[in-house]
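Inspection log for the structure reproduced underneath, given as structure tokens.
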């Protein structure tokens, strides 16, 4: 274990090398980046036994330290996990390169031609918890988008992450790229996170992935921009003019397809005029799945449910629990969303053009939907190919963040000797 | 003067009202926003005498407090300044509304249709120094982009800004919009700035306009994202394959067109193979304008110049001073830029396709040009219609920031009852 000064010095060295590598990456062709990704995939495939042996050390230590079984499970590198990492690298290699894309070129009256070129952000720091496959996801997205990456995984996964880092390093070398393009932080000292998030000279953006506590602490303490989302309190609103079969399918899917995910519905809003028709059907289906229902008074006049409190409207359950509120109008539904939503994803079920248009225009969330399950709010479903996270902020990236969210744009000007008069 | 607690409470009140107004603005049509802008223009025109009388109070106080004559001059609301403000409002009204623009709609294999809609950021805080016309610039750009604005001008301009704020308020009322859409902070207490930049619950982004000290302090202390630029250390590189007539015109214009602006050239880089041809011509022209030259040894072997130090390469003169360095290659020029540039604007003068392409691709600045004067790097010249500032950051807005830079995008999904399988 390094002492505090050494950690700061070590992280500054990591940062300096990342910055230098990011300059090299910005001038690297798409072909070379893809070559590195495919070489990493080959290295993982060739080193399965070593990866699993190193992972076993983490699993043993986890069990010895009394880590919960669910966490040990997330930590495990099974053969299928390694298959998934290899497949992920190949998929990212196959995605179009966002860098260098030139858009919006137009001539100005002065004779200059102005447009924008997409460019990497520079150096991306990723802080994540125990799942070691995130190491490959993050490395591949950063590399493809032309960014150097500094990866700080959970200390429980340090042996696994070091073994994965060796494969990444060899893949980079095979393609002729500096190993510092992707660095895995080699110390488990927590001070390393503190350094990583306060080095704006070396790091351009931080992406934290993990529990709300981790993300809140990082956002509070970082002096570098953070791409993050804290909560996913997503709503489905069943409008008076909803097709009730669609409403049933969407409200059931949005809650029960997976419980522990940020794009699951946590509160169902139902227009009073259709509540008596749709709620009993839905309650029966939810009950069959063991979903606990908590409702407002009007809801409880129709179906069995516990009384919902103000806290329920503001809670991301991530569990088989659903809050239900009956509202008198679209305006009341949107007011509820404006007050309680975490601005992640909201969906209206309606056949009414004007109400759908109002909902899409006025609801201020990173994803707003008509007649679709909130579960679609992710990078793969949106066609980004992969995602490094979902942002509920409005500055820079918003919603699912793929390769484009890891880039910026610069203005480019083509002239013919023009001067300003 | 309010006491500290009162300032915090006052600013929280301003913030709360701005947040509420921003919700109303997000649902306001383009026509109503334009009506408000034109009504403000009429109000300014109808209240010229009052505006100038209030401005006179600021000018008197400034002179009494020993304000420098140049600052008193910037503070003055002359009839032409008011003409300019009125014209500016009309121009912003004529610009297209960025909000609601839907792009990239495409069908996904699941049957959902996914795209993006441009939306306001929410509440924008602008902190600026004494020029009162910034009040109108900032108010109009924020309003048109659908954002509520909190404007904190210099205390020297408080009477002028209050008088302008009254015109803005009446314009908003005439169009049926809440006056809190644009609020001018009514206290000159410096604690108001401290509050404004640490209310993420009420303010989405801060745009500071002023000296480097002000901007550095705000960036350091803000808990809200800041759109800023600190320095404009811009370079022109005259390549070996430059057309020397274009090189002469561009290098002369970029330095001498205006000295005190961020997009003026501060360092000229000249390829060694053309230095003896171009430098004497340029030196003669600069000397005729009274521009002081500071050069590297190779420069001083060709023309008269003071010896440039390392500090010269890192200085934004904002004055008739120019640093000149002779380099041996494009790589040496780009290495100098990577080390010393403030990432604002750089231009290469060349007829060589491959070198131009490399410069455009590899130089990491907010504007990168071929054969054009760095002086073009501004919102009007780029066709943005107006600009609220220039950003040298890579997160969110970069380069000249117009209406689009004051907006974000949300994902929108149109479905037909789709659920996730």
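Derivation of every value follows stated rules applied to the coordinates shown; laboratory data play no part. Only a predicted model underlies this, so the values are computations on that prediction, with no experimental measurement involved. Cβ coordinates were reconstructed from backbone atoms using ideal geometry, including for glycine residues, and neighbour counts include every protein chain displayed.
Here is how far apart the residue B:190 label points are across copies: 3.7 nm, shortest first, using a point 7 Å from Cα toward Cβ. For the residues of A:354-367, the average number of beta carbons from a partner chain within 10 Å of their own beta carbon is 3.
Counting other beta carbons within 10 Å of each residue's own, what order do A:142, B:296 fall into, fewest first?
Working: A:142 29, B:296 19.
Exposure proxy ranking, most exposed first: B:296, A:142.
With its label point put 7 Å out from Cα toward Cβ, residue B:5 sits 4.5 nm from the same residue's point in the other copies, in order from shortest. Structural descriptor for region B:234-376: relative contact order 34 percent, calculated from alpha carbon pairs under 8 angstrom and at least 6 residues apart.
Compute the acute angle (0 to 90°) between the alpha-carbon long axis of helix B:4-26 and the principal axis of greatest extent of the alpha-carbon atoms of chain B; round to the nearest 10°. Around 90 degrees separate the two axes.
Quick one: what do you get for region A:75-136 if you divide its Cα Rg by 2.2 N^0.38 Å?
Numbers: Rg = 19.5 Å, N = 62, 2.2 N^0.38 = 10.6 Å.
Here the Cα radius of gyration is 1.84 times the empirical estimate.
Its Cα gyration tensor gives region A:1-111 an equivalent ellipsoid; the semi-axes, largest first and in whole Å, are 38, 23, 14. With the convex hull drawn over the C-alpha atoms of region A:236-277, the volume per residue is 62 Å³. Neighbour counting of Cβ atoms within 10 Å sorts the residues B:40, B:334, fewest neighbours leading, into B:334, B:40. Out of A:43, A:289, A:17, any idea which swings most in a Gaussian network model of chain A, alpha carbons joined below 10 Å? Per the Cα network of chain A with a 10 Å cutoff, A:289 tops the list. Three principal axis extents describe the C-alpha atoms of region A:307-421; from largest down they are 72, 32, 26 Å. Over region B:276-321, Cα pairs under 8 Å with separation of 6+ residues give a relative contact order of 37 percent. Taking the fewest neighbouring Cβ atoms within 10 Å as the starting point, the ordered list for B:293, A:143, A:318 is A:318, B:293, A:143. For peptide B:394-401, the mean count of partner chain Cβ atoms within 10 Å of a residue's Cβ comes to 6.
Take the rotation relating chain A to chain B, measure from its axis to every Cβ in chain A, and name the nearest residue with the distance in whole Å. Spelled out, residue of A and its Cβ distance from the axis onto B: A:396, 2. Relative intensity of region B:104-146 on a log10 scale, I(q)/I(0) at q = 0.14, 0.27, 0.29, 0.35 Å⁻¹, equals -0.53, -0.94, -1.01, -1.18, per a Debye sum over C-alpha point scatterers of equal strength in the absence of solvent.
Rg and Dmax of chain B, both derived from C-alpha coordinates alone, stand at 24.1, 76 Å. What FRET efficiency would be calculated for the residue pair residue B:45, residue B:101, taking the C-beta separation as r and a Förster radius of 30 Å, to the nearest 0.05? The computed FRET efficiency comes out at 0.40.
Compute the relative contact order of chain A as a whole-number percentage, counting only Cα pairs closer than 8 Å that sit 6 or more residues apart in sequence. Mind dumping the intermediate values first?
Details: 858 pairs, mean separation 76.1, N = 421.
With pairs under 8 Å counted, the relative contact order is 18 percent.
Binning all Cα-Cα separations of region B:168-313 at 10 Å, short to long from zero, yields these whole-percent fractions: 9, 27, 20, 16, 15, 11, 1. Against chain A, whose longest principal axis is taken from its Cα atoms, helix A:48-64 shows a tilt of about 60°.
Percent of Cα pairs in the protein assembly as shown per distance bin of 20 Å, from zero to the largest separation: 14, 42, 35, 8, 0.
The angle between the Cα long axis of helix B:158-174 and the main principal axis of chain B comes to about 60°, on a 0 to 90 degree scale.
For region A:234-376, the extents of the C-alpha atoms along the principal axes are 34, 29, 26 Å, listed from largest to smallest.
Given their separation in residues at 0.36 nm each and the Cα-Cα distance between them, residue A:304 and residue A:73 gain 79.5 nm when the chain is fully extended. Spin-label model, residue B:272/residue A:328: points 7 Å from Cα along the beta carbon direction are separated by 8.3 nm. Distances, shortest first, from the label point of residue B:259 to those at the same position in the other copies read 7.2 nm; the point lies 7 Å along Cα to C-beta. For the peptide A:402-413, the mean number of other protein chain Cβ atoms found within 10 angstrom of a residue's Cβ is 5.
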